[in-house]
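Peer 1: This structure is in structure tokens; I'll ask about it shortly.
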2 protein chains.
Amino acid sequence: MEKLIVIGGVAAGLSAASAAKRLKKENINAVVFEKSGYISYGACSEPYFVSGLVPQPEDLIEITPEEFEQKRSIPIHRMHEVVEIDYKNGYVTVDDLINHRSFKESFDYLMIATGATGKTAGVAGEKLKGVHTLRTVEDAIALQNSARDAENVVICGGGYIGLEMAEAFVTMGKHVTILKKTSQMLWNFDPEMSALVEEEVRSKSVTIVTGVDILSFEGSGKVEKAVTNKGDVKAETVLIAKGAVPNVGLAKQIGVEIGITGAIAVNKRQETNLDRVYSGGDCAEAYHIVRGKPAYIPLGTTANKAGRVAGENIGGMNTEFPGIVGTAVSKIFDLEVARTGLSLKEAIGDGFDAYATTIRHRSRSKHYPGGYPITVHLITERDTRRLLGAQMIGREGVAHRIDVMAAVLHAGMTAEDVYHLDLGYAPPFAPAWDPILIAANKARKT
Amino acid sequence: MEKLIVIGGVAAGLSAASAAKRLKKENINAVVFEKSGYISYGACSEPYFVSGLVPQPEDLIEITPEEFEQKRSIPIHRMHEVVEIDYKNGYVTVDDLINHRSFKESFDYLMIATGATGKTAGVAGEKLKGVHTLRTVEDAIALQNSARDAENVVICGGGYIGLEMAEAFVTMGKHVTILKKTSQMLWNFDPEMSALVEEEVRSKSVTIVTGVDILSFEGSGKVEKAVTNKGDVKAETVLIAKGAVPNVGLAKQIGVEIGITGAIAVNKRQETNLDRVYSGGDCAEAYHIVRGKPAYIPLGTTANKAGRVAGENIGGMNTEFPGIVGTAVSKIFDLEVARTGLSLKEAIGDGFDAYATTIRHRSRSKHYPGGYPITVHLITERDTRRLLGAQMIGREGVAHRIDVMAAVLHAGMTAEDVYHLDLGYAPPFAPAWDPILIAANKARKT
């Protein structure tokens, strides 16, 4: 009987355990250790839990530990932290955080799915009550409790989570201020696109202050204000949402190779440099198909896929994860905000000779009531006219249109190819020339 | 100065005239003859005009003749029917249907964009007042006037237009019966998918009778009933919606080659077999990328594209229309109904060794309120695992997801490729495993 130890019980870890067990059945013993109290949670839904739209923390769970253990015959140990790996001798040391005991468990295969940690601001006062990051279900519960009694909330960071949480806090009736070090929200969008989002957020009575250095958080016992180079901002709740840092400590201990992104390096089989040690999810890199090199873009979808590929390979198959193209979608107040591939900035940074084109077109036929403009921003490689990226913003019809562009990037299509795509047309859903086709026509002619 | 005569002033004709004029400017004189009283109308929006959702016939117009003439310097002659072409000597004979006079007009280039005519039932009583087909704006006005006073409406045919019109008539408060010769609605869907649509339509109090032979329409002065092999059905308004027949009479006159589909044969440059004679739109075939041969699927999107390609080539460019994949979307009551590529039936008919797989999955994350199941039906080639077609039905999130599959068909992707697509995920819009990925996973494993 082989034994697989999975460190981390969220998307990548559970996908790996499930796939391996499904394939090897009684020939493998798969065990999952999760240091938090929850497994299989949808971190992307946490803003909706904090706001109250999703009523219970349990509603964030995809599959319960009981279901998982019964249906898949995989024991789940929550509140169990793997604190050390002895790779040579093939065992891990586990701290049982409930019973405060430690034990060793042997393995043949190891799946490192340790996830990521929210970046902190690196200033004094971060440990004050009322200062939060948001990754785990416990984080979400604590943040909700804190915000419930707050009048003023400060969000440090203008990425997806910061902006989704701004909406959540506004829904809760809070006075919300976003503090951002750089001048642009949503750094991985081009500036003209993130400006549209900023306009929407400001229109919902959120104060946005850019170019801010946070100096400290202050308060007696609990946070009362953020102190910045532009003055003090009152806050009984602070959310630090500055992105994620991959949890690579354990991996490093045993000599697992870390990539240039700072996350665990894996090949397309999700293997690390060490035999029988796999990784995937928010602690690992993924191959970026457009960039042609690894990237660190921690998202649940990627974690699910990478985990399943790891598990299939542990299970004896030979499967590969072809990689990502960097697709991301977010609802920010009344806007659907989406991107895939590279921004112009990123493309140029990668050495592409690229240009951007932007159009605005209706989401539905002009003959049909309703509908809103969609702004489509395309990044195209100059010589080949190959599409490198797309960004879209609008009140409807954006979230799935971006997936068309994701398929386009996977296929390596040119602007001319996209212009000729046979996209569906019906007046309630699209104009006869879809915004994607209008955008591609401009890109092919520019 | 060269001269382009365009026969037909809707999607293909106007696109061709615009593109040619834009490219050759003062060096070409483009003239459009349209036999109806309207140009540039959105036929797909006519059901919404009949129901009253779109208030005025003018709201169906994309661009007015005045705008077209002024902005593009292309004279438009409505109520002018081209009745004869003298190809050898390079002129057409035009009937001015308002002033009842006839004249000749010379051409260097000819664009045949004569569109299609609604199929009739071929039975007695079709000329009775109250019996309609629906193609032109005039048809839509006449149908609305007729239905306004009707209590009972009979629709002959269960395609998109028949079903969209069923919704329109129900909205108008009519008692609606659909009579269908075959047993299945939406013939180009596979039976399990069209059954979902039939269930929806029946739930809206529409009577559906299948396996019906219509024998005649009867009434004194105006229609009062449809007489069928299954008995009489009362009807003060009848809509015959049995599909379209391409208008190829003029083309045939001069020896333009007609394809096996019965529509005008064109190459990818939209050239017919006759030098300087182009065609496109509902009177012409288009190359079907999945089938690898021409098909007759008359749709406005294809007409726009084919027309523009014809115009670009007349204008001196060298462009090709790569073809269609057969994408179509429709709103049928509360359902979004969409398809692309081949149905299983069509694939087998074309000689593919193909299989179908069907899944049902949520439109949104289960963590997020709302959302409905989407049924995804994929057709896959057995040996290569290449996707050949997709059908989707659901209450939301279908109309643009089908476009992802359209891009997939253009790119010739396999089920494995689709399973790995980096599609966007955000709880308000999709589950972490999008229905497309769930469907592809089943297809790749079957």
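Peer 1: Considering each of A:Lys222, A:Lys293 in turn, give the residue that is outside the structural domain of A:Ile155 (by TED's automatic domain parsing) and modelled with pLDDT of 95 or more.
Peer 2: Matching residue, one of A:Lys222, A:Lys293: A:Lys293.
Peer 1: Of all residues in region A:273-301, how many are open to solvent by 10 Å² or more (accessible area, probe 1.4 Å), part of a loop (DSSP other than H, G, I, E, B) and within 14 Å of chain B (Cβ to nearest Cβ)?
Peer 2: Counting residues in region A:273-301 that are open to solvent by 10 Å² or more (accessible area, probe 1.4 Å), part of a loop (DSSP other than H, G, I, E, B) and within 14 Å of chain B (Cβ to nearest Cβ) gives 7.
Peer 1: Then there's this: Can you go through B:Ser73, B:Ser102, B:Ser106 and tell me which one is of a type outside the set (A, V, I, L, M, F, W, C), over 16 Å from B:Lys3 (Cβ atoms) and away from every other protein chain (no Cβ under 14 Å)?
Peer 2: None of the others qualify; the one that does is B:Ser102.
Peer 1: What tally of residues in region A:77-98 results from selecting those that are under 25 Å from A:Gln144 (Cβ atoms) and surrounded by 14 or more Cβ atoms within 10 Å (Cβ to Cβ)?
Peer 2: Residues flagged as under 25 Å from A:Gln144 (Cβ atoms) and surrounded by 14 or more Cβ atoms within 10 Å (Cβ to Cβ) within region A:77-98 amount to 4.
Peer 1: Which numbered condition in (1) of a type in the set (Gly, Ala, Ser); (2) in contact (Cβ under 8 Å) with a residue 12 or more places away in the chain; (3) on the phi < 0 side of the Ramachandran plot is the only one that A:Gly397 fails?
Peer 2: Every condition holds for A:Gly397 apart from (3).
A quick yes/no check of all residues on (1) on the phi > 0 side of the Ramachandran plot; (2) surrounded by fewer than 24 Cβ atoms within 10 Å (Cβ to Cβ); (3) aliphatic (A, V, I, L, M):
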{"position": "A:Gly221", "(1), (2), (3)": "yes, yes, no"}
{"position": "A:Leu239", "(1), (2), (3)": "no, no, yes"}
{"position": "A:Pro246", "(1), (2), (3)": "no, no, no"}
{"position": "A:Ile254", "(1), (2), (3)": "no, yes, yes"}
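Peer 1: Something else about it: Any idea how many residues of region B:259-272 are open to solvent by less than 50 Å² (accessible area, probe 1.4 Å) and free of Cβ contacts under 8 Å to residues at least 24 places away in the same chain?
Peer 2: Qualifying residue count for the region: 0.
Peer 1: While we're on this one: What tally of residues in region A:53-88 results from selecting those that are in contact with a strand residue (DSSP E or B) (Cβ under 8 Å, 6 or more places away or on another chain), over 19 Å from B:Pro431 (Cβ atoms) and of a type outside the set (Ser, Thr, Tyr)?
Peer 2: 15
Peer 1: Pairs please, first residue from region B:98-120 and in the same structural domain as B:Gly307 (by TED's automatic domain parsing) and touching a residue at least 12 places away in the same chain (Cβ under 8 Å), second anywhere and assigned to a strand (DSSP E or B) and polar (S, T, N, Q), Cβ atoms under 6 Å, 6+ apart in sequence or on different chains.
Peer 2: Within 6 Å, the pairs are B:Lys104/B:Thr93; B:Ile112/B:Ser279.
Peer 1: Now for a separate question. Looking only at region A:397-439, filter to residues that are among the charged types (D, E, K, R) and open to solvent by 10 Å² or more (accessible area, probe 1.4 Å); which one of those is nearest to the other protein chains (Cβ to nearest Cβ)? Break it down stepwise before answering.
Peer 2: First pass over region A:397-439, keeping only residues among the charged types (D, E, K, R): A:401, A:403, A:416-417, A:422, A:434.
Keeping just the survivors that are open to solvent by 10 Å² or more (accessible area, probe 1.4 Å) gives A:416-417.
Values: A:Glu416: 9, A:Asp417: 7 Å.
Checked region A:397-439; the qualifying residue nearest to the other protein chains (Cβ to nearest Cβ) is A:Asp417.
Peer 1: Within region B:321-335, take every residue that is facing another protein chain (nearest Cβ under 9 Å) and assigned to a loop (DSSP other than H, G, I, E, B) and give me the one that is most open to solvent (accessible area, probe 1.4 Å). Quick ask: steps written out before the conclusion?
Peer 2: Initial filter on region B:321-335 (facing another protein chain (nearest Cβ under 9 Å)): B:321-331.
Now narrow it down to the ones that are assigned to a loop (DSSP other than H, G, I, E, B): B:321-323, B:325-327.
Numbers: B:Phe321: 6, B:Pro322: 45, B:Gly323: 0, B:Val325: 0, B:Gly326: 4, B:Thr327: 3 Å².
For region B:321-335, the residue satisfying everything is B:Pro322.
Peer 1: Right, something else. Just to confirm my filter: which strands (runs of 3 or more DSSP E) fall fully inside region B:167-218 and include at least 1 residues that are out of contact with any Ser or Thr (no Cβ under 9 Å at 6 or more places or on another chain) and within 23 Å of B:Asn229 (Cα to Cα)?
Peer 2: Strands (runs of 3 or more DSSP E) meeting the threshold: B:214-218.
Peer 1: Any residue in region B:44-58 that is facing chain A (nearest Cβ under 10 Å) and open to solvent by 10 Å² or more (accessible area, probe 1.4 Å) sitting within a Cβ distance under 6 Å of a residue that is in a loop (DSSP other than H, G, I, E, B) and among the hydrophobic types (A, V, I, L, M, F, W, C)? List the pairs, counting only those 6 or more apart or interchain.
Peer 2: Filtered contacts from region B:44-58: B:Tyr48/B:Val54.
Peer 1: Same structure, new question: Considering only residues that are in contact (Cβ under 8 Å) with a residue 40 or more places away in the chain and farther than 25 Å from A:Phe429 by Cβ, look in region B:358-382 and name the one that is nearest to the other protein chains (Cβ to nearest Cβ).
Peer 2: B:His367
Peer 1: Here is a list of conditions, (1) touching a Phe, Trp or Tyr at 6+ places or on another chain (Cβ under 7 Å); (2) farther than 28 Å from A:Ile155 by Cβ, and A:Val31 meets all of them except one; can you say which number that is?
Peer 2: Status for A:Val31: all satisfied but (1).
Peer 1: Within region A:412-433, is even one residue assigned to a helix (DSSP H, G or I) and under 27 Å from the mean Cα position of the chain (by Cα)?
Peer 2: First, the residues of region A:412-433 that are assigned to a helix (DSSP H, G or I): A:415-419.
Going one step further and asking which of them are under 27 Å from the mean Cα position of the chain (by Cα), we end up with none.
Within region A:412-433 (the criterion being assigned to a helix (DSSP H, G or I) and under 27 Å from the mean Cα position of the chain (by Cα)), the answer is no, since none of the residues qualifies.
Peer 1: As an exercise: evaluate B:Gly231 against (1) under 21 Å from B:Ile39 (Cα atoms); (2) open to solvent by 10 Å² or more (accessible area, probe 1.4 Å); (3) of a type in the set (Gly, Ala, Ser) and give the number of the one condition it does not meet.
Peer 2: Just one mismatch for B:Gly231, condition (1).
Peer 1: Given (1) in contact with a Gly (Cβ under 7 Å, 6 or more places away or on another chain); (2) surrounded by 18 or more Cβ atoms within 10 Å (Cβ to Cβ), identify the lone condition not met by A:Gln184.
Peer 2: Checking A:Gln184 against (1) in contact with a Gly (Cβ under 7 Å, 6 or more places away or on another chain); (2) surrounded by 18 or more Cβ atoms within 10 Å (Cβ to Cβ), the one that fails is (1).
Peer 1: Taking region A:57-82 on its own, how many of its residues are among the basic types (Lys, Arg) and under 24 Å from the mean Cα position of the chain (by Cα)?
Peer 2: Residues that pass the stated criteria total 1.
Peer 1: Quick one: would you say A:Ala338 is of a type outside the set (Lys, Arg) and within 13 Å of chain B (Cβ to nearest Cβ)?
Peer 2: Working: of a type outside the set (Lys, Arg): yes; within 13 Å of chain B (Cβ to nearest Cβ): yes.
Criteria met by A:Ala338.
Peer 1: Within region B:354-396, how many residues turn out to be open to solvent by 20 Å² or more (accessible area, probe 1.4 Å) and not in a strand (DSSP E or B)?
Peer 2: 13
Peer 1: Would you say A:Arg308 is charged (D, E, K, R), open to solvent by 10 Å² or more (accessible area, probe 1.4 Å) and more than 11 Å from chain B (Cβ to nearest Cβ)?
Peer 2: It is false that A:Arg308 is charged (D, E, K, R), open to solvent by 10 Å² or more (accessible area, probe 1.4 Å) and more than 11 Å from chain B (Cβ to nearest Cβ).
Peer 1: Select from region B:336-353 the residues that are part of a strand (DSSP E or B) and either among the basic types (Lys, Arg) or without any contact (Cβ under 8 Å) to a residue 12 or more places away in the chain (or both) and list them in ascending order. Lay out the reasoning, then the answer.
Peer 2: If we filter region B:336-353 for residues that are part of a strand (DSSP E or B), which is where we start, we get B:336-341.
Result: B:Arg339, single match.
Peer 1: Could I ask something else about it? I'd like the full set of residues that are open to solvent by 20 Å² or more (accessible area, probe 1.4 Å) and assigned to a loop (DSSP other than H, G, I, E, B), limited to region A:116-131.
Peer 2: The answer is A:Lys119, A:Thr120, A:Ala121, A:Gly122, A:Val123, A:Gly125, A:Glu126, A:Lys127, A:Leu128.
Every residue, every condition in (1) more than 27 Å from A:Ile379 (Cα to Cα); (2) aliphatic (A, V, I, L, M); (3) not assigned by TED's automatic domain parsing to the domain that holds A:Gly162, yes or no:
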| site | (1), (2), (3) |
| --- | --- |
| A:Leu250 | yes, yes, yes |
| A:Gln253 | yes, no, yes |
| A:Ile260 | no, yes, yes |
| A:Ala265 | yes, yes, yes |
| A:Val277 | yes, yes, yes |
| A:Ala286 | no, yes, yes |
| A:Pro298 | no, no, yes |
| A:Asn304 | yes, no, yes |
| A:Val309 | yes, yes, yes |
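Peer 1: While we're on this one: Which numbered condition trips up A:Asp232, out of (1) part of a strand (DSSP E or B); (2) not assigned by TED's automatic domain parsing to the domain that holds A:Val206; (3) not hydroxyl-bearing (Ser, Thr, Tyr)?
Peer 2: Of the numbered conditions (1) part of a strand (DSSP E or B); (2) not assigned by TED's automatic domain parsing to the domain that holds A:Val206; (3) not hydroxyl-bearing (Ser, Thr, Tyr), the odd one out for A:Asp232 is (2).
Peer 1: Pick from B:Gly412, B:Gly389: which is within 28 Å of A:Tyr419 (Cα to Cα) and touching a residue at least 60 places away in the same chain (Cβ under 8 Å)?
Peer 2: B:Gly389
The values are calculated or read from the model by the stated rules, or taken from the named source; none is laboratory data. Since we're looking at a predicted model, the values are computed, not measured. So basically every Cβ, Gly included, is an ideal-geometry build from the backbone, and we count neighbours across all protein chains shown. Surface accessibility is based on the protein's heavy atoms, side chains included, excluding ligands, DNA and RNA. Shrake-Rupley method; radii C 1.70, N 1.55, O 1.52, S 1.80 Å.
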